[in-house]
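Scroll down for the structure; my scribbles are underneath it.
Read the figures in this text as sums done on the coordinates, not as results from a lab. All values reported here derive from a predicted model rather than from experimental measurement. Backbone-built Cβ (ideal geometry, glycine too); neighbour counts: all protein chains shown.
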Amino acid sequence: MNLALPRHASTQTRRSSLLTLAFALLALVTAAFVPGCQNYDELVAKDQTCEAKWADYQADLQRRADLVGNLVETVKASAKYEESTLSKITQARSAATSIQLKGDDFTDPAKLEAFEKAQAQLSRGAISRLLVANENYPKLQATAQYTDLMKQLEGTENRILRSRQQYNDAVRAYNTELGKIRGSAINKATGGPFKPRAYFAAAADAQAAPKVSF
């Protein structure tokens, strides 16, 4: 009795082996590719969190700029005030709102430092001098509008400090993910679209908002 398999059976066996090998290779590629995609998505998500925190910070800065503008007008209307002081605070406000960061600016510590320096000249320079000078005008300090503006300004300064810290926290999480072996490998494999972001460098008195006294 001839028990040999038909010729086509051997061909079918080879095809089956090839299919099995193909599926195995596909599984290996998928196993390597899917974590890479997940890590890329993680970098995108953390980068977007940084963008969102920066937007929150800018919103607080704009709120301060609006309050300062209202404050200057209130002082003008309520007291015979030194025009030079108001002129300086207006100039500082203009400088602080004129600097805008975008794109690769966030990876450059020098540009972030210049941005923060302009903000400090407004909050810890011009505003502080204005508050000290206002002590010579008790009638001005007694007005309800002035008092309300001062309270809002103090609250906004505290919000700005929190926003700075939250931005730095988001940058830390993003830079850490980017610095990991897998994150670095995925970044290189995709053409290097992600770059480490710069941190805010805290000033010596950054933990204290300008003192508001009446």
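Values computed for the structure shown
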| item | result |
| --- | --- |
| Rg and Dmax of the stretch 106-202, Cα atoms only, in Å | 20.2, 66 |
| Per-residue ³J(HN,Hα) for the stretch 97-104, Karplus 6.51 cos²θ - 1.76 cosθ + 1.60, θ = phi - 60°, Hz, x for Gly and Pro | 8, 7, 7, 10, 9, 7, x, 5 |
| Per-residue Cβ neighbour rank within 10 angstrom, fewest leading, LYS139, LYS76 | LYS139, LYS76 |
| Extension gain from GLN145 to ASP105, taking 0.36 nm per residue of separation minus the Cα-Cα distance | 10.5 nm |
| Descending semi-axes in Å of the stretch 75-153, equivalent ellipsoid built from Cα gyration tensor | 31, 12, 10 |
| In Hz, Karplus ³J(HN,Hα) per residue of the stretch 190-197 (6.51, -1.76, 1.60; θ = phi - 60°; x = Gly, Pro) | 9, x, x, x, 9, 10, x, 8 |
| Calculated over the stretch 43-176: convex hull of Cα atoms, volume per residue (Å³) | 93 Å³ |
| For the stretch 48-127 and the stretch 153-183, distance of Cα centres in Å | 19 Å |
| Note, ³J(HN,Hα) from phi for the stretch 137-142, Karplus 6.51, -1.76, 1.60, rounded to Hz, x at Gly and Pro | 10, x, 5, 5, 5, 7 |
| Estimated distance in nm for a label pair at ALA95 and ALA55, the labels positioned 7 Å out from Cα along Cα-to-Cβ | 3.0 nm |
| Filter on LYS117/LYS188; LYS111/LYS180; LYS76/LYS117 - keep pairs with C-alpha separation over 32 Å | LYS117/LYS188 |
| Area projected by the alpha carbon convex hull of the stretch 115-166, averaged over all directions, nm² | 3.8 nm² |
